[in-house]
Amino acid sequence: MPLLQNLLFGFLDTLTGHLMLVSYLMAVTDEQAVWKRLKRLPPLLLSPLIASLLSIWLYAVQEFNIFRYFAGSFAILAMCVVWVMWAWRWDFWRASSAACMAGILQVASSALAQTRFLVFPSGLQSELAAMALVLLFSIASAALLRRFRFGAWFRLLLEDRSSPRRTTVLIFALEISMETFLILQNGVQDQYLAAYYILVIVLVLVIMGLLVYLAHWFDDSRTLQMQRDIIAQQKLYEQSLEEIRQEVRSFRHDYKNLLAGLSQQVEEGRLQALRSTLAELDTGFDRRLGEKIQRSVPIGNLRIPQVRSLLLSKLTDMQKKGVEYRLEVLYPVEEVNMDIWDFIRCLGILADNAIEAALETEHPWVEILLLAQGPRMFLRVSNSYANCLDPGKIWDEGWSTKGAGRGLGLAGYQRILKNYPHASPCTSWENGVFVQELTVEDRP
């Protein structure tokens, strides 16, 4: 059993490491409301206490020093991830990436802090002074990272929700590498310590450079996708404007003939017939021209880039296949209360199924409606349909009206929605119209 003094020193050393980690967390997350996060700091202080008790339990396994070190480090990292999930309201993958990145910087600072043995003599008071100095060094380093906007690039990397697991695994592997580098310090001879510390600094700079490069790559990819969306949107607008121009040109071509017919009715005193004819012309023109104008409006209400990109691609696909489409977005859509990529998968499955089913009809058409009301989102995808349905089979894996092995979409759609109890699907069909609805309420 270690002496009480050693236990106290171990607790203070672990506490210092946690405070260093928090300072780096503020930097890598580019946190602006620092005091708001620090108000949630007290629960994290349980982690040093638990880590100290764990070290006592592992102390008996003296022959497995490396195992004891990694077990303690992993436990601390897990507790920090849980705290970040609670303090930042993030999901597991984003919280893990942030905690691992802060851990890399904290371990690197700890490795560089070993130089304190060259400056401070042994003794508890000297060790406490060295801990305070290392903590101040970490706070200054975190401030420097904020000054150079490293956190802004790292937050941008966390926004890439297409591969959050790969990002977390990469940063976790880099964190393990840094932990291993710290352990190797015990075998470095005194004459090579200067080179070791230089390697630590270089390794940290390489890791940070790699992550900034990945963030740049993601930003460029997102910018390119946005440019493609803009081009696709402009094409749809141009097509709508061309259809409007053709409609106006056609109306202008018939304008003289219409006036001649109306003049004849005026001369004959047929005022009631004149009113009826004018009403029919007005209604017909509004219907024919209004539908074309409405096609160019809804895209602007889609404020989520991923949703806009998917729908633009589906509308373009329908246009190429000769499917008449109608898109309605009545109010600005800015957020969905589920993982955006899961929502994209659901929307893609419903749209693909609607297009495929519509193509089997004589007059294929697809209608997509998005309605956002506060935190509530309503999606409806309807299409023309020619086949009879068996309501007990459409959700079975592999079932399809086209044969075995084709109907994988709706089964996957069901699996996704199992993770969202606040999302309610509804399916109906009648008189050659197939309708899929999805209502996403506020998270419970």
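Brief remarks on what is shown
- Residues within segment 187-220 that are touching a residue at least 60 places away in the same chain (Cβ under 8 Å) and under 35 Å from the mean Cα position of the chain (by Cα), tallied: 11
- Inside segment 10-50, residues that are open to solvent by 60 Å² or more (accessible area, probe 1.4 Å) and either touching a Phe, Trp or Tyr at 6+ places or on another chain (Cβ under 8 Å) or in a loop (DSSP other than H, G, I, E, B) (or both) make up a count of 4.
- Test set (1) modelled with pLDDT of 85 or more; (2) closer than 27 Å to residue 136 by Cβ - residue 93 fails condition number: (2)
- Condition check for residue 212: modelled with pLDDT of 85 or more, of a type in the set (Val, Ile, Thr), out of contact with any Cys (no Cβ under 6 Å at 6 or more places or on another chain) and exposed (fewer than 12 other Cβ atoms within 10 Å of the Cβ): no
- One residue alone among 74, 92 is within 30 Å of residue 337 (Cβ to Cβ) and surrounded by fewer than 17 Cβ atoms within 10 Å (Cβ to Cβ), and that residue is 92.
- Looking across 397, 441, 437, 430, one residue alone is open to solvent by 60 Å² or more (accessible area, probe 1.4 Å) and modelled with pLDDT of 85 or more. It is 441.
- For residue 98, the requirement of being modelled with pLDDT under 85, open to solvent by less than 20 Å² (accessible area, probe 1.4 Å) and in contact with a Ser or Thr (Cβ under 8 Å, 6 or more places away or on another chain) is not met.
The values are calculated or read from the model by the stated rules, or taken from the named source; none is laboratory data. Here the structure is a predicted model, which is why all the values come from computation and not from measurement. Ideal geometry is used to build each Cβ from the backbone, glycine not excepted, and the neighbour counts take in all protein chains shown. Heavy atoms of the whole protein, side chains included, go into the accessibility calculation; ligands, DNA and RNA do not. Shrake-Rupley method; radii C 1.70, N 1.55, O 1.52, S 1.80 Å.
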